[in-house]
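**Student:** The structure's right below; bear with me while I get my questions together.
The values are calculated or read from the model by the stated rules, or taken from the named source; none is laboratory data. A quick note: this is a predicted structure, and the numbers were derived from the prediction, not measured. Here Cβ is always computed from backbone atoms with ideal geometry, including for glycine, and neighbour counts include all displayed protein chains.
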Amino acid sequence: MTAQAAAPEKTGEERLRSRALEALRAQALAAILESDEPMRTVDVARAVSDGFDLDLNEEELGGLASVVRMVLDSDPLFSQSNRQWDLALRMGRAEGDRRKPVERAIEDFVDLLGGPAEPHPVSVLVASVYGRLPEYYERMIERVVPVRPEFFPMPENRIGIRRWLIDLSSDDPEDVEYDNFPDTSAVEAVRKLAKGVKASDPLAHARAIIEKAGEPVDNRALLFVTWCAFPDVDPQEVFIDLYEQEDLALERGPSWVTKTENRRVLEAIRDLVGEPEAAADFVAAAVPAEEEEIGILAPTTVRVSDEDLDQVWEFMRQAESRTYRVPELCQQVLEAFPGSRTYGGIHDSLLNRMREDPRFHWVGAERFRLAGTVPPELDTLPEGLTYDEREYEAEEGEEGDRAVDPREWKFNLDQQVMHYLVQDIGDDSTALGTTPTRLESSPPLHHYVAGTRYLRHADRGFFPTEPEIGQITLIPKQGDRFDVWINSRLGLVFGLKEWYEQNLPWVGGHFTVERTDQPDEFRLDYGGPEDVEPLMNIPLDRLQQLLALRADAAEHALPLVEIVQRLLKAHPEGVHFVMLFTELNVVRRSRRAQLASALSAQRFFSQSTQEPGLWLFDEKRAQKGKGKKKGGPRRPMRDMIDDEDEEFEYE
């Protein structure tokens with residue numbers, strides 16, 4: 001980077017540190033190109049130290065390694081796996097443009113290296129794009145450099161490229177300036193330095209300008225101003241002569257400095273080694289901008305290689321029974337960290353490749369498990385959630401169960417069975433609609449015991465519906481976050497049993513779930529023992545009575561109508577349909593239509609005229625009905641109804 005091209009707001013110290021980091025990057029690249037295998041960060045740092053002839057102790061080497069790691073991690077040219085760095089191209093993390101002619105790639109890579117380069121490192125870069133061995137391209141480079149117009153030979157078998165020189169297709173200095181410099185600011189800066197310089201030859205003229213500057217001088221601007229002073233000189237010869245001067249150095253850009261000025265860069269590197277955290281503010285200035293890098297390697301795509309995917313699989317095998325998130329795998333296995341330049345590309349590539357690889361099973365958002373490790377019980381209906389579909393015969397002289405057509409249900413039961421609290425798995429008449437923003441929950445006993453929560457059809461869009469079996473995280477206001485499973489086909493949330501037992505009463509507890517800004521994380525809000533659903537709140541002593549009735553009903557095969565009678569006898573003031581249904585399902589798993597039929601089939605079940613919706617049992621009418629039927633055949637419900645005695649109350 002030249003002084004003229006530096007951002008105006010940067011101080012001299014900031015520009016010096018940026019140059020130091022750029023030098024580190026170039027030296028690290030040279031070390032990696034020289035190695036046949038990926039290198040540990042500390043080994044790259046040691047090679048950089050040797051390249052700069054720095055005498056560092058172990059503590060200083062550790063500081064240099066920290067700075068080197070930041071530089072490498074911020075540049076898409078590099079990538080790492082298993083704590084070892086290499087070219088992203090060579091690791092399969094990026095793809096070069098094979099449509100580009102090889103000669104153009106050679107030219108771009110020489111420019112990338114920042115100065116006259118030997119054939120070997122250039123051939124390694126070219127091979128990483130085009131796929132053959134570096135030796136093949138090294139021989140090609142040696143053949144094409146002397147004959148192709150894009151290149152010119154340099155001493156020590158190095159390669160120079162014409163884009164570093166100036167185009168002299170005209171003899172007029174103004175035309176040459178116009179042809180070569182869309183932005184003339186660098187030329188103007190060198191012209192000011194050239195004022196007063198008296199030299200007998202082009203080399204002396206150029207040297208005097210460099211020595212006078214005290215900071216980097218743009219190479220092409222220097223060649224142009226020197227040519228203006230000595231029109232007969234060949235800019236290529238001036239460039240080679242400057243390169244052979246032992247007291248001058250060529251920095252990336254390219255730009256020229258004195259050895260004294262170059263030593264300031266080495267001292268700046270030493271300063272960064274002593275305080276590596278300070279380098280973070282300057283890393284972005286030291287690496288090429290994304291659009292510049294694209295010009296070199298375009299189009300490139302950061303991607304996860306087959307080897308990376310194998311490492312992820314091996315890592316997950318260490319604990320096969322757990323779920324892994326893609327960010328965790330990026331950091332723990334691929335050592336790609338949020339904030340680094342390539343993290344987004346690696347993250348997205350890993351996510352896509354894991355979804356396509358049969359060794360992994362996607363369980364929602366960024367979560368994966370090894371194939372075959374999703375608990376099989378998540379795809380079956382838990383015990384206790386199925387309905388009792390048996391037919392129960394009444395004893396002689398007792399009332400039995402009858403199915404009543406819904407069109408003949410009384411007391412607006414067709415509306416009462418639509419209450420959202422009585423919709424359950426396999427017995428749900430809600431419809432898909434607007435997704436709720438807040439999920440209210442009050443699990444009945446059978447869901448409490450199973451540790452599940454049913455998602456009504458109307459609630460299905462609240463949680464992710466893909467994949468069919470997925471995992472989410474619930475975050476309580478108190479206590480630790482925990483993971484649960486969702487089967488979108490069954491409409492069941494699994495994995496709530498432990499939280500239920502630690503927080504909710506057996507029946508009637510109430511809690512809410514709300515979204516967060518993460519698609520697989522949800523807030524769980526429970527207000528404590530006072531947070532109950534009134535229509536389902538069954539006190540413990542009543543629950544014990546219901547469990548006793550459950551055992552009795554199972555032992556004596558009681559018909560549903562008999563169970564409902566016993567339930568209503570405990571509520572002489574009446575009970576809401578939801579509470580009656582909740583109690584019934586403690587005693588026996590039943591559908592809404594079964595309860596509605598039982599209530600509609602018998603005259604001794606009625607609603608309160610003062611409080612519509614509260615169900616009552618009429619003991620006298622029940623006894624009267626028994627006397628009429630005793631000893632005779634059972635008749636259909638409609639034949640038993642005495643229109644004069646029956647009272648239909650509607651809400």
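**Student:** Conditions: (1) assigned to a loop (DSSP other than H, G, I, E, B); (2) within 21 Å of PRO467 (Cα to Cα); (3) touching a helix residue (DSSP H, G or I) at 6+ places or on another chain (Cβ under 9 Å). GLY364 meets all but one. Number of the miss?
**Tutor:** Exception for GLY364: condition (3).
**Student:** Okay, next question. What is the residue count in the stretch 576-615 for residues that are surrounded by 18 or more Cβ atoms within 10 Å (Cβ to Cβ), modelled with pLDDT under 95 and farther than 20 Å from MET418 by Cα?
**Tutor:** 3
**Student:** Tally up the residues in the stretch 110-132 that are of a type in the set (A, V, I, L, M), in contact (Cβ under 8 Å) with a residue 12 or more places away in the chain and surrounded by fewer than 21 Cβ atoms within 10 Å (Cβ to Cβ), please. Full working, then the answer.
**Tutor:** Kept after step one, since they are of a type in the set (A, V, I, L, M), are these residues of the stretch 110-132: 110, 112-113, 117, 122, 124-127, 129.
When the remaining residues are screened for being in contact (Cβ under 8 Å) with a residue 12 or more places away in the chain, the result is 110, 112-113, 117, 122, 124-126, 129.
Now drop any that are not surrounded by fewer than 21 Cβ atoms within 10 Å (Cβ to Cβ), which leaves 113.
Within the stretch 110-132, residues that are of a type in the set (A, V, I, L, M), in contact (Cβ under 8 Å) with a residue 12 or more places away in the chain and surrounded by fewer than 21 Cβ atoms within 10 Å (Cβ to Cβ) number 1.
**Student:** Which count do you get for residues in the stretch 316-351 that are aliphatic (A, V, I, L, M), assigned to a loop (DSSP other than H, G, I, E, B) and surrounded by 13 or more Cβ atoms within 10 Å (Cβ to Cβ)? Explain how you work it out, then say what you get.
**Tutor:** Here is the first cut: in the stretch 316-351, the ones aliphatic (A, V, I, L, M) are 316, 319, 326, 329, 333-334, 336, 346, 350-351.
Now restrict to residues that are assigned to a loop (DSSP other than H, G, I, E, B): 319, 333-334, 336.
Applying the additional criterion that residues be surrounded by 13 or more Cβ atoms within 10 Å (Cβ to Cβ) yields 333-334, 336.
The total comes to 3.
For every residue, the table says whether it meets (1) outside any helix (DSSP H, G or I); (2) in contact (Cβ under 8 Å) with a residue 40 or more places away in the chain; (3) in contact with a strand residue (DSSP E or B) (Cβ under 7 Å, 6 or more places away or on another chain).
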{"residue": "SER18", "(1), (2), (3)": "no, yes, no"}
{"residue": "GLU22", "(1), (2), (3)": "no, yes, no"}
{"residue": "ALA30", "(1), (2), (3)": "no, yes, no"}
{"residue": "VAL42", "(1), (2), (3)": "no, no, no"}
{"residue": "ALA47", "(1), (2), (3)": "no, no, no"}
{"residue": "ASP55", "(1), (2), (3)": "yes, no, no"}
{"residue": "ARG69", "(1), (2), (3)": "no, no, no"}
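**Student:** Which one of these does GLU399 not meet: (1) surrounded by fewer than 19 Cβ atoms within 10 Å (Cβ to Cβ); (2) closer than 30 Å to LEU558 by Cβ; (3) not hydroxyl-bearing (Ser, Thr, Tyr)?
**Tutor:** Against the list (1) surrounded by fewer than 19 Cβ atoms within 10 Å (Cβ to Cβ); (2) closer than 30 Å to LEU558 by Cβ; (3) not hydroxyl-bearing (Ser, Thr, Tyr), GLU399 comes up short only on (1).
**Student:** Of everything in the stretch 106-125, what is closer than 18 Å to GLY253 by Cα, assigned to a helix (DSSP H, G or I) and aliphatic (A, V, I, L, M)? Give them in sequence order. If you could, list the steps in order and put the result at the bottom.
**Tutor:** Taking the stretch 106-125 and keeping what is closer than 18 Å to GLY253 by Cα, we get 106-118, 122.
Filter again for assigned to a helix (DSSP H, G or I), leaving 106-113, 122.
Selection gives ILE106, VAL110, LEU112, LEU113, VAL122.
**Student:** Further question: Kindly indicate whether LEU223 is under 17 Å from LEU250 (Cβ atoms) and either surrounded by fewer than 14 Cβ atoms within 10 Å (Cβ to Cβ) or more than 50 Å from the chain's Cα centre (by Cα) (or both). Please lay out each step first, then the result.
**Tutor:** Working: under 17 Å from LEU250 (Cβ atoms): yes; either surrounded by fewer than 14 Cβ atoms within 10 Å (Cβ to Cβ) or more than 50 Å from the chain's Cα centre (by Cα) (or both): yes.
Judged against the criteria, LEU223 is a match.
**Student:** Does VAL417 satisfy being buried (at least 19 other Cβ atoms within 10 Å of the Cβ), outside the structural domain of TYR500 (by TED's automatic domain parsing) and within 27 Å of TYR500 (Cβ to Cβ)? Working first, answer last.
**Tutor:** Details: buried (at least 19 other Cβ atoms within 10 Å of the Cβ): yes; outside the structural domain of TYR500 (by TED's automatic domain parsing): yes; within 27 Å of TYR500 (Cβ to Cβ): yes.
Criteria met by VAL417.
**Student:** Within the stretch 253-291, can you find the residues that are of a type outside the set (Val, Ile, Thr), in a helix (DSSP H, G or I) and at pLDDT 80 or above? First the steps, then the outcome.
**Tutor:** Initial filter on the stretch 253-291 (of a type outside the set (Val, Ile, Thr)): 253-256, 259, 261-264, 266-268, 270-272, 274-282, 284-286, 288-291.
Then drop every residue that is not in a helix (DSSP H, G or I), which leaves 259, 261-264, 266-268, 270-272, 274, 276-281, 284-286, 290-291.
Hits for the stretch 253-291 are LYS259, GLU261, ASN262, ARG263, ARG264, LEU266, GLU267, ALA268, ARG270, ASP271, LEU272, GLY274.
**Student:** Given the conditions (1) of a type in the set (Phe, Trp, Tyr); (2) farther than 24 Å from VAL586 by Cβ; (3) at pLDDT below 95, which single one is not true for PHE368?
**Tutor:** PHE368 satisfies all of (1) of a type in the set (Phe, Trp, Tyr); (2) farther than 24 Å from VAL586 by Cβ; (3) at pLDDT below 95 except (3).
**Student:** Something else about it: Filter the stretch 20-34 down to residues that are crowded, with 18+ Cβ neighbours inside 10 Å and of a type outside the set (A, V, I, L, M) and give me whichever is nearest to ASP75 (Cα to Cα).
**Tutor:** The residue in question is ARG25.
**Student:** Contact list please: Cβ distance under 7 Å, first residue in the stretch 475-497 and farther than 20 Å from GLN518 by Cβ, second residue among the charged types (D, E, K, R), pairs at least six apart or on different chains.
**Tutor:** That search, which allows pairs on different chains as well, returns ASN487/ASP379; ASN487/GLU468; ARG489/GLU468; GLY491/ARG460.
**Student:** While we're on this one: Please find, within the stretch 425-477, the residue that is surrounded by the fewest Cβ atoms within 10 Å (Cβ to Cβ) out of those that are of a type in the set (A, V, I, L, M) and assigned to a loop (DSSP other than H, G, I, E, B).
**Tutor:** Filtering the stretch 425-477 down to residues of a type in the set (A, V, I, L, M) leaves 425, 431-432, 439, 445, 449-450, 455, 458, 469, 472, 474-475.
Checking which are assigned to a loop (DSSP other than H, G, I, E, B) leaves us with 425, 431-432, 455.
On the way: ILE425: 19, ALA431: 8, LEU432: 11, LEU455: 24.
Residue satisfying both the conditions and the ranking: ALA431.
**Student:** Name the residue that is surrounded by the most Cβ atoms within 10 Å (Cβ to Cβ), counting only residues in the stretch 239-262 that are in contact with a Phe, Trp or Tyr (Cβ under 8 Å, 6 or more places away or on another chain) and closer than 15 Å to ALA204 by Cα. Working first, answer last.
**Tutor:** Step one: filter the stretch 239-262 for residues in contact with a Phe, Trp or Tyr (Cβ under 8 Å, 6 or more places away or on another chain), giving 239, 242, 248-250, 254.
The next check asks that each one be closer than 15 Å to ALA204 by Cα; those that pass are 239, 242, 248.
Details: PHE239: 26, LEU242: 21, LEU248: 19.
Result: PHE239.
**Student:** Going through ALA431, ALA450, ALA458 one at a time, which residue ends up being within 17 Å of LEU385 (Cβ to Cβ), hydrophobic (A, V, I, L, M, F, W, C) and in contact (Cβ under 8 Å) with a residue 12 or more places away in the chain? So that I can check it myself, show each step before the final result.
**Tutor:** Working: ALA431 fails: within 17 Å of LEU385 (Cβ to Cβ); ALA458 fails: within 17 Å of LEU385 (Cβ to Cβ).
Among ALA431, ALA450, ALA458, only ALA450 is within 17 Å of LEU385 (Cβ to Cβ), hydrophobic (A, V, I, L, M, F, W, C) and in contact (Cβ under 8 Å) with a residue 12 or more places away in the chain.
**Student:** Give the number of residues within the stretch 566-618 that are touching a Leu at 6+ places or on another chain (Cβ under 6 Å) and in a loop (DSSP other than H, G, I, E, B).
**Tutor:** Number of matching residues: 3.
**Student:** Of GLU107, GLU95, GLU59, GLU37, which residue is in contact with a strand residue (DSSP E or B) (Cβ under 9 Å, 6 or more places away or on another chain) and either in the same structural domain as ALA249 (by TED's automatic domain parsing) or surrounded by fewer than 19 Cβ atoms within 10 Å (Cβ to Cβ) (or both)? Don't jump to the end; show me each part of the working.
**Tutor:** Values: GLU107 fails: either in the same structural domain as ALA249 (by TED's automatic domain parsing) or surrounded by fewer than 19 Cβ atoms within 10 Å (Cβ to Cβ) (or both); GLU95 fails: in contact with a strand residue (DSSP E or B) (Cβ under 9 Å, 6 or more places away or on another chain); GLU59 fails: in contact with a strand residue (DSSP E or B) (Cβ under 9 Å, 6 or more places away or on another chain).
Of the residues listed, the single one that is in contact with a strand residue (DSSP E or B) (Cβ under 9 Å, 6 or more places away or on another chain) and either in the same structural domain as ALA249 (by TED's automatic domain parsing) or surrounded by fewer than 19 Cβ atoms within 10 Å (Cβ to Cβ) (or both) is GLU37.
**Student:** Moving on. Just for the stretch 148-167: of the residues that are charged (D, E, K, R) and in contact with a helix residue (DSSP H, G or I) (Cβ under 9 Å, 6 or more places away or on another chain), which one is farthest from GLU107 (Cα to Cα)?
**Tutor:** Let us first name the residues in the stretch 148-167 that are charged (D, E, K, R), namely 148, 150, 156, 158, 162-163, 167.
Restricting the remaining residues to those that are in contact with a helix residue (DSSP H, G or I) (Cβ under 9 Å, 6 or more places away or on another chain) gives 148, 150, 158, 162-163, 167.
Numbers: ARG148: 11, GLU150: 7, ARG158: 13, ARG162: 9, ARG163: 9, ASP167: 17 Å.
Among residues in the stretch 148-167 that are charged (D, E, K, R) and in contact with a helix residue (DSSP H, G or I) (Cβ under 9 Å, 6 or more places away or on another chain), the one farthest from GLU107 (Cα to Cα) is ASP167.
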